[in-house]
Structure formats: C-alpha cells, structure tokens
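Since the structure comes first, as structure tokens, the remarks are kept for the end.
The values are calculated or read from the model by the stated rules, or taken from the named source; none is laboratory data. Since we're looking at a predicted model, the values are computed, not measured. Here the Cβ positions follow ideal geometry from the backbone for every residue, glycine too, while neighbour counts run over all protein chains shown. Surface accessibility is based on the protein's heavy atoms, side chains included, excluding ligands, DNA and RNA. Shrake-Rupley method; radii C 1.70, N 1.55, O 1.52, S 1.80 Å.
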Amino acid sequence: MAGTLILGGGQGGYQVAASLREAGYAEPVLIVGNEPVLPYQRPPLSKAYLLGDTTAERLQLRPQSYYDKHEIGLIVGETVTGIDRPARRVTLASGQTLAYDHLVLATGARNRTLPVHGAEADGVLYLRTLAEADAIKERFHAAQSIVVAGAGFIGLELAAVASKLGKQVTVLEALGRCMSRAVSMPVSSFFAEAHAAWGVQLLFEARLASIDSAGGRVTGVTTADGRRIPADLVLVGIGILPETGLAQAAGLALDNGIAVDAQLLTSDPAISAIGDCASFPDAATGARLRLESVQNAVDQGRYVAQRIVGKSDGGYAAVPWFWSDQRDLKLQMVGLTGGCDRTVVRGDPATRAFSVFCFKGDRLLGIESINRGADHMFGRRLIGAGQSLTPEEAADLSFDFKARLASLPRAAAG
Ligand code: FAD
C-alpha cells in the first residue's frame with residue numbers, strides 16, 4: 001500500500017487517520033489494531049459502561065461506514081509482530097506484510113500486573129480493554145465484596161461504581177494518599193472523604209502481599225502487615241506500562257516509552273509515536289513526559305496528521321488536561337501540578353464544587369476542579385495562552401475570570 005500505516009486502533013490511532021482525511025491527505029491510510037472491534041473510547045469502561053448505562057456500540061468512535069466513506073483501511077483483530085525499518089514494512093501475526101511511507105506507532109499501554117503469590121487466581125481482574133470490562137461486568141453483579149488494588153483514577157472509579165451498586169468495597173493503596181501521582185493534597189483528601197462517605201474502606205500504606213484462594217477461586221487478600229480481607233473479586237488498577245515491544249525490537253530509542261522529539265518523530269524519521277506509548281519533550285520545560293489521557297492521544301494524533309501533510313508550524317505544544325468521574329463528582333484537571341508548592345482553594349469543598357489552583361512560587365502550574373467546569377475551561381484558555389494569575393487573584397472570589405480572558409490576545413484566548 002504505502003501511504004500512512006498506523007499501528008494500534010485506539011484513541012490515538014483513530015485520530016491520526018481521521019485528521020489526515022480532514023486535512024485533505026489523499027494517500028492510503030490504514031489502521032491495524034489487535035482488538036477485535038472498531039476503535040472505541042476507553043473512559044466509559046470504568047464508568048457508565050460498567051454501571052450498565054451505555055452499550056459497547058455507543059463506545060465506538062465511529063461506525064464502519066465512516067471508515068468506508070473516508071477510505072480509511074481498518075484491519076482489526078490482527079497483531080503486528082515486527083517492523084522492518086530498512087524495507088519500510090511491517091509483518092502481521094498472520095504472516096501478511098504491509099508497506100509504509102510513514103508509520104505511526106499508537107500502541108498504547110498494557111496493565112501492570114500484581115507481582116504477588118496467588119495473582120493468577122480466578123477472580124483477579126484488570127481493566128484496559130472492552131473485553132476486560134465485559135469480564136468484570138460478568139462477575140460484578142454476583143460479587144458481594146470487592147477488593148480494589150490501587151487508589152489511582154481507575155481504582156477509584158471502579159470503587160465508585162462498585163459502591164454505587166451496593167458492594168462492600170475495600171481499596172488498598174501502597175502510598176499515603178489517593179491519586180497521588182496526579183493531584184494535590186486537598187483533592188486527594190476530598191476524594192478520600194467522599195469514598196468513605198459512600199461506604200468504601202480506603203486503606204493507605206497498605207501493600208497487597210498475596211491473593212488468597214480456594215479451589216483456584218479468589219477468596220480474599222492478605223496485606224504485608226498481615227491483615228486478611230475477604231473478597232470474591234479483586235480488581236487491579238496499579239498502573240500501566242507503555243507498549244514498546246515492537247519499537248524496541250526495531251531498535252528505536254526508548255525512554256519511559258517510545259522516545260520522540262518535539263515533532264513526535266522517533267529516532268527513525270519515517271516513524272512517529274503518539275499517545276500512551278510515547279514520551280515527548282514538554283514544550284515549556286523540556287522535561288520528558290509520557291501522559292496517559294484522551295487529550296494527549298487526540299492532540300498528538302492531530303499534530304502528527306498536520307505534520308504529515310506539511311501544515312504543522314513548530315513543535316507539539318498542547319496543554320494537558322484530564323478528567324475522572326466518580327459518582328456525583330466530576331474531577332477536571334488542566335496543566336501538570338506535580339512540583340506544586342502552594343495551593344489555593346477557590347470555593348467551598350463542603351458544597352462539593354471547588355477548585356484547587358496549584359502554584360510553584362507565583363507561577364500557576366494547573367487547576368484541579370471538582371464540579372466547577374467553568375474554572376477548568378478558564379484554566380485551559382489561560383494556560384493555553386501562556387498566561388498565569390497570582391495566588392492572591394485565585395483566592396479572591398471577586399476576581400473576574402471572564403474579564404481576564406477577555407483581556408487576552410484574541411487568538412491566544414482560543
Ligand atoms: P489505546 O487507546 O490503548 O490504543 C492502543 C491500541 O493499540 C490498543 O487497541 C492495543 O490493543 C493496540 N495494540 C498494541 N500493540 C499492538 C500490536 N502489536 N498490533 C496491533 N495493535 C496493537 N483518559 C482520560 O483522559 N479520561 C478518563 O476518564 C479516562 N478513563 C479511562 C478509563 C479506563 C478504564 C482506561 C483503560 C483508560 C482511561 N483513560 C482516560 C485513558 C485513555 O483511554 C488513554 O490514555 C487513551 O486510550 C490512549 O490512547 P492510545 O491510542 O495511546 O492507546
């Protein structure tokens with residue numbers, strides 16, 4: 001074929017293809033993905049889909065007719081097993097080979113697995129794919145008591161759904177607070193209290209030491225300090241690892257993921273990498289980042305498409321943002337708040353609607369909003385325009401965000 005070949009039919013892979021066609025790219029475009037379904041959104045898997053509020057069909061990013069209409073080739077249920085860089089060809093598990101002019105690696109990530117005794121017991125489940133969500137759903141309803149390993153986003157979203165469905169839920173977290181890699185202390189504390197109020201038992205600094213089972217089926221877990229917690233289902237959300245196997249075998253540079261430059265090109269200029277599998281230089285600081293979010297996969301997919309058609313100006317520089325839904329709480333984050341040394345809370349957490357403005361010195365790093373979408377949108381536009389505000393302005397409830405946005409240069413204010 002040649003043209004652009006995209007490995008991975010997830011959020012990022014789909015986006016490259018769609019954006020190429022939107023940009024008028026007339027060469028062949030082909031996506032190869034190893035899941036046996038059309039590209040779909042993962043976020044609802046731990047939220048509405050698990051609750052039974054949406055269907056697998058509604059998770060699809062587009063129906064088959066979209067790919068047909070836009071002449072986007074799509075091979076699903078096929079694993080790519082190798083990349084021959086000198087020949088610009090990939091090999092599929094079926095033995096078929098496919099040529100490319102440009103290759104995009106959008107291979108995502110895989111679950112980090114529990115390295116403990118008994119982890120292979122029936123009833124220890126992970127969540128990354130639709131198939132895994134279906135496996136959880138099948139067991140979920142009959143389960144009475146559930147242990148969730150990990151109090152990150154996925155673990156807490158699972159705990160939120162399970163508690164809503166009336167299950168007895170215990171969350172084990174090895175660190176001292178929840179979502180600690182991504183949110184500030186006030187937001188961690190707020191969510192810990194919210195889960196406690198929903199009846200979730202959150203245990204911090206609790207390391208899972210082994211899975212207990214009888215007849216091959218999980219019966220509970222034991223923590224490193226000897227606590228035994230009964231469970232008929234153990235859901236594991238202890239993070240993901242970038243899917244770098246193909247890139248590594250092909251000799252591409254790796255650095256906490258497939259290493260790309262500011263143009264999202266790997267160490268081979270005929271190959272780009274995007275999304276969860278790729279680490280890229282932060283436009284603001286130069287630090288290497290690997291983000292696990294829809295925004296990152298979508299914006300990087302768009303950028304690579306623009307670059308392929310020769311329309312990108314400058315390097316990739318999108319503002320990171322993310323969300324998580326836990327029962328009535330919508331958490332939205334913009335910017336990267338790690339390294340923050342000062343927080344300003346705007347609004348009253350008791351009303352379940354407030355934002356935490358995170359600063360390093362006087363520089364705004366990001367905003368974490370709970371049920372305050374307007375603050376989030378303000379932050380996206382402000383930070384996107386390369387602007388800041390002071391801690392005093394953030395704390396001042398009479399400070400007019402709209403007026404600040406109106407004062408930004410028009411293009412910068414988005
Ligand atoms: P993926 O969407 O994972 O796609 C990669 C695809 O490549 C997969 O289908 C994989 O099977 C395939 N693949 C890998 N290797 C090969 C190979 N050798 N051959 C063929 N195919 C291959 N983000 C948010 O911003 N907000 C949320 O609320 C949120 N919730 C989430 C909830 C869940 C349960 C999960 C799992 C993720 C959530 N995310 C959320 C994260 C978000 O979904 C990911 O960051 C996003 O999907 C990354 O897109 P991607 O294209 O990089 O990878």
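Results for (1) away from the ligand (no atom under 11 Å from the Cβ); (2) polar (S, T, N, Q), shown as yes or no for each residue.
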position	(1), (2)
Q11	no, yes
P28	yes, no
V32	no, no
P36	no, no
G77	no, no
T97	yes, yes
Y100	yes, no
V104	no, no
L114	yes, no
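Where residues in the stretch 293-346 are hydroxyl-bearing (S, T, Y) and more than 23 Å from L241 (Cβ to Cβ), which of them is most open to solvent (accessible area, probe 1.4 Å)? Across the stretch 293-346, the extreme among qualifying residues is T343. The residues of the stretch 299-317 that are more than 12 Å from the ligand (Cβ to nearest atom) and touching a residue at least 60 places away in the same chain (Cβ under 8 Å), listed by number, are R302, A305, Q306, I308, V309, K311. Quick one: L252 ticks every box in (1) assigned to a loop (DSSP other than H, G, I, E, B); (2) at pLDDT 95 or above; (3) open to solvent by 20 Å² or more (accessible area, probe 1.4 Å) except a single one, so which number is it? Unmet condition: (3).
Can K137 be described as farther than 21 Å from K330 by Cα and outside the structural domain of R290 (by TED's automatic domain parsing)? Here the answer is yes, as K137 does meet what is asked. One residue alone among G384, G373, G379, G366 is in contact (Cβ under 8 Å) with a residue 60 or more places away in the chain and under 28 Å from the mean Cα position of the chain (by Cα), and that residue is G384.
Condition test on Y40, is it surrounded by 21 or more Cβ atoms within 10 Å (Cβ to Cβ), modelled with pLDDT of 95 or more and aromatic (F, W, Y)? Judged against the criteria, Y40 is a match. Of all residues in the stretch 15-28, those that are without any contact (Cβ under 8 Å) to a residue 60 or more places away in the chain have Cβ atoms under 8 Å from Cβ atoms of residues that are assigned to a loop (DSSP other than H, G, I, E, B) and open to solvent by less than 20 Å² (accessible area, probe 1.4 Å), 6 or more apart or on another chain, in P28/G3.
In summary, helices (runs of 4 or more DSSP H) completely within the stretch 98-205 and bearing 2 or more residues that are surrounded by fewer than 17 Cβ atoms within 10 Å (Cβ to Cβ) and at negative phi occur at 130-140, 185-197.
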